[in-house]
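> So that we are looking at the same thing, I have put the structure below in structure tokens.
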Amino acid sequence: MSKIRMPDSKEISFVKTKINREFNNQKQQTCCKLCGKEIIKDSKAFHKSHTIPYFCLENIKGLYNKNYGVLKADYPGLRTVFSDKEFIGTNKAGVFYSICSKCDQEKFSVYESEEALLNKDPQDMVNSMALKIYLNELFNTRFRNFKNTIDYSKLTDEQIISSYFEYVGNMEEPTVECDIRDFEADLQSARTTYENGYRNYKIIYHTILNYTVPVAAQTSIPISHNVDYSKLQEVAQIGHKRIEDLLICIFPLKQKSVITVFYKVGDALMKKYSKQFLKLCEEDKLREIYYLLLRYKASNYFYSPLIKEILNDKNVRSIFSIEDTAIKMGGRIIHFSMFEEYNWKENLPSILSEQYSVQNLLKSDSSC
Ligand SMILES: [Zn+2]
């Protein structure tokens, strides 16, 4: 019997490069997503936009396998030959292409500097932050959708590779389509809010810490359970209704950090969540914010390589592995989130606390 030959990572990354090229060559979006200016037909290119400001990533970058950069959000997860690299250079981290250079320079300067983040009223910055979050989420979800619907047999002769990507695509496709619908609507709402200067976002947490946290984030979190684990909403159901999300920004600065957490006014479930969140003490709030990233997102935030040992912690890995999916067994629906153990959150290293600041990690790094 002939043995199945497993493809190596080089062959897989060759296919991934082809996917990227095909995605870049498609003409689904040709105009700037914000001002509508024609870009592709005028033979111009979309601006290379950073979701998390580049200078924040520079503040946490570190040495990893002889290169300087940051670790991706899925670092605590299991890795297979199909996984993307766990490390990325700061110039490529959190990058998306869907607006023109003028919009990129004009619409985000309100918060994209250390000086603004430290001195401005957060209420004046959240509209712009939300706009960038949804531009990035929509771009990423469209890319995922593209990957789910592409004909892989045209990209590779290796059947294992095409079968793998097709399998992942079939699993994801129905929910990704709802995600596109949601992010498209959230982006339109963020754009209207930004253009009219409405106060449509409710800030539930804003702080300036006197140390640099080893994580940078600017992302939306589709929360399924409240602080006390009671159910809030279905987030992975096929054909789901609009998912409410919490927006989290964690900006590491040179000697300080700015953290802002907010949601869209009118999102009743997020209001319900915020009631429990606001009752937590300061220390628990920081732990909860990191828990939310770990529990609900596998992309769109980045770690300093200085924290890599802590990311191997059992509680970090356990929380990262929880999924909001369900299976049918003997007429009953089993939700995987049921297997979450409450002591994981209680024992989670509080990565946003001073103990794990870049300043402290550098001290212990140089002492060994
Ligand atoms: Zn534009």
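> Can you classify the stretch 17-108 as rounded, prolate or oblate using the Cα gyration tensor, where a ≥ b ≥ c are the square roots of its eigenvalues, rounded means a/c under 1.5, and otherwise it's prolate if a/b beats b/c and oblate if not?
Judged from the Cα gyration tensor, the stretch 17-108 comes out oblate (a/c at least 1.5, b/c at or above a/b).
> Here's a follow-up. Hey, if we sort LEU280, LEU286 by accessible area with the 1.4 Å probe, largest down, what's the order?
LEU280, LEU286
> With a 1.4 Å probe and every protein chain kept in, tell me what percent of the accessible surface of the stretch 3-68 is carbon plus sulfur.
Solvent-exposed carbon and sulfur of the stretch 3-68 make up 51 percent of the total.
> Would you calculate, for the chain, the mean residue ellipticity at 222 nm contributed by helices, counting each DSSP H stretch of 4 or more residues as -39,500 (n - 2.57) and dividing by all residues, to the nearest 500?
-13000 deg cm²/dmol
> Report Rg(Cα)/(2.2 N^0.38 Å) for the stretch 201-360, keeping two decimals.
This ratio for the stretch 201-360 stands at 1.06.
> How large is the convex hull of the Cα atoms of the chain per residue, expressed in Å³ as a whole number?
Dividing the Cα hull volume of the chain by its residues yields 167 Å³.
> If you count only protein heavy atoms with a 1.4 Å probe, what accessible area per residue comes out for the chain, rounded to a whole Å²?
About 50 Å² of surface per residue is accessible.
> Heavy atoms of the protein only, probe of 1.4 Å, neighbouring chains included. What is the accessible area of PHE183 in Å², nearest 10?
Counting only protein heavy atoms, PHE183 exposes about 30 Å² to solvent.
> If I take every Cα pair under 8 Å that is 6 or more residues apart in the stretch 239-368, average their sequence separation and divide by the length, what percent do I get for the relative contact order?
Once divided by the residue count of the stretch 239-368, the mean separation gives 20 percent.
> Rg(Cα) of the stretch 79-170 divided by 2.2 N^0.38 Å?
Relative to the 2.2 N^0.38 Å estimate, the stretch 79-170 comes out at 1.51.
> What is the stretch 10-367's relative contact order, in percent, from Cα pairs under 8 angstrom and six or more apart in sequence?
Averaging sequence separation for qualifying contacts and normalising by length gives 19 percent for the stretch 10-367.
> In the structure shown, do any of LYS202/LYS271; LYS107/LYS275; LYS61/LYS363; LYS16/LYS85; LYS66/LYS297 have a Cα-Cα gap over 21 Å, and if so which?
The pairs that break the limit, which is 21 Å between Cα atoms, are LYS107/LYS275; LYS66/LYS297.
> If you wrap a convex hull around the C-alpha atoms of the stretch 98-254 and split its volume per residue, what is the figure in Å³?
171
> Taking springs between alpha-carbon atoms closer than 10 angstrom, which of VAL81, VAL261, VAL70 fluctuates most in the Gaussian network model of the chain?
VAL81
> Now, a different point. Quick one: ranking VAL110, VAL215 by accessible area, 1.4 Å probe, largest first, what do you get?
Highest to lowest solvent-accessible surface, that is VAL110, VAL215.
The values are calculated or read from the model by the stated rules, or taken from the named source; none is laboratory data. Keep in mind the model is a prediction, meaning the values are calculated, not measured. When the accessible area is computed, the model is the full protein with side chains, heavy atoms only, and any ligands, DNA or RNA have been set aside. Shrake-Rupley method; radii C 1.70, N 1.55, O 1.52, S 1.80 Å.
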